[in-house]
Structure formats: C-alpha cells, structure tokens
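Participant: Below is one structure. I have some questions about it.
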Amino acid sequence: MKVSNCMTTDVQIANPEQTLQDVALMMGRLDSGVLPVSENDRLVGMITDRDIAIRGVAEGKGPEAKVRDVMSIKVRYCFDDEDVEDVLHNMGDLQIRRLPVLNRDKRLVGIISLGDLATKGEATGTGKALSGISQRGGEHSQTAH
C-alpha cells in the first residue's frame, strides 16, 4: 500500500511569523496537535502542542512569541508514492508519530500519522512502529533541544 492511500490530505499550515496563541487556537479548532510550518511555499518546520508547552511556556515565552521560536526545524518527511511498510519502519526508527507527506516536487500534499495507518489497514506494522516510537529519548525528545 502507498502512503497516498492512507494520508490525510486536508492539512492546515502555520506560518513562522504567527504567534503561539494563534497556532494553539488553530490546533484547538482542528483537534490536532501538530501543524506543518511553511514559508515561501516551502516546508520549513513542524510545530506541535508539545513544542508550545516545552519550548514555549516552560521556557518563559508568552502567547505572542513566534512559531519560529519553538518549531522543530529538522523536518523528517516521506513521499506520497512510498510504501507504507517503509514509512512505518522509518517512523519507528526516528521515533515520530506523524510525518508530512511531499510529492516528488517536494510540495506538501498531506500528513500521515500512526492513527491513519492503523485505521486504514496497516495495523500489524503500526504496533511495531509504536514500540520504537515509545522508547525513551531519541532525536525528537524535547529535552534534546
């Protein structure tokens, strides 16, 4: 199965100059804990509710701080034509629950999560990926920044 068969295509995008308050409100409306960050039509980062809490609030940044001050700039992604099994393996190794999905022109076309994969037919590989993701620490640990 290809990523394009499982991904969410209706993705809202944040701007690095938006405030944390604006993005938190957007996340609340969308019932989502993550947003891709785009500037000049290019993916430049990802921001999560956890980024806002740990890199923002916990470090004394207020609601007017900018997304660029707390977002993750090292973005991992996958392509829409990749096999789901490969993506699941990478998610487990990288300890990431969601990945932005790009086409081969490197344009954002969606986002894929473990939930998408579990509900759309890849439950077997999802458990193994979750096991890797759930290990303590890793490159995307909030304490590593």
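Participant: Just the accessible area per residue of the stretch 55-106, please: how many Å² with a 1.4 Å probe?
Facilitator: Per residue, the stretch 55-106 has 55 Å² of solvent-accessible surface.
Participant: If I ignore ligands, DNA and RNA and count only protein heavy atoms, how much of residue 98 is accessible to a 1.4 Å probe, in Å² to the nearest 10?
Facilitator: Spelled out: residue 98, probe radius 1.4 Å, area about 90 Å².
Participant: Over the stretch 26-81, what is the relative contact order in whole percent, taking alpha-carbon pairs under 8 Å and six or more residues apart?
Facilitator: Values: 52 pairs, mean separation 16.2, N = 56.
Once normalised by length, the contact order is 29 percent.
Participant: While we're looking at this one, here's another question. Magnitude of the Cβ-charge dipole of the stretch 1-115, K/R +1 and D/E -1, about the Cα centre, nearest 20 debye? Provide the component values of the computation, followed by the final result.
Facilitator: Values: 15 positive and 19 negative charges, 47 e Å.
For this selection, approximately 220 debye.
Participant: Largest first, how would 93, 22 line up by accessible area (1.4 Å probe)?
Facilitator: So, going from the largest accessible area down, we get 93, 22.
Participant: A follow-up question, please. Give me the 1.4 Å probe accessible area per residue for the stretch 10-50, excluding ligands and nucleic acids, in Å².
Facilitator: For the stretch 10-50, the solvent-accessible area averages 54 Å² per residue.
Participant: When the Cα centres of the stretch 9-23 and the stretch 39-65 are compared, how far apart do they sit, in Å?
Facilitator: 9 Å
Participant: Applying the Karplus parametrisation 6.51 cos²θ - 1.76 cosθ + 1.60 with θ = phi - 60° to the phi angles of the stretch 89-94, what ³J(HN,Hα) value in whole Hz is obtained for each residue in order, glycine and proline being reported as x?
Facilitator: After applying 6.51 cos²θ - 1.76 cosθ + 1.60, I find 4, 5, 4, x, 5, 8 Hz.
Participant: Quick one: dipole size for the stretch 1-54, taken about the Cα centre, charges +1 on Lys/Arg Cβ and -1 on Asp/Glu Cβ, in debye to the nearest 20.
Facilitator: That gives the stretch 1-54 a dipole magnitude of about 220 debye.
The values are calculated or read from the model by the stated rules, or taken from the named source; none is laboratory data. No experiment lies behind these values; they were computed from the predicted model shown. Neighbour counts run over all protein chains shown; Cβ positions are idealised from the backbone, glycine included. Just so you know, the surface numbers come from the protein's heavy atoms only, side chains and all, with ligands and any DNA or RNA stripped out. Shrake-Rupley method; radii C 1.70, N 1.55, O 1.52, S 1.80 Å.
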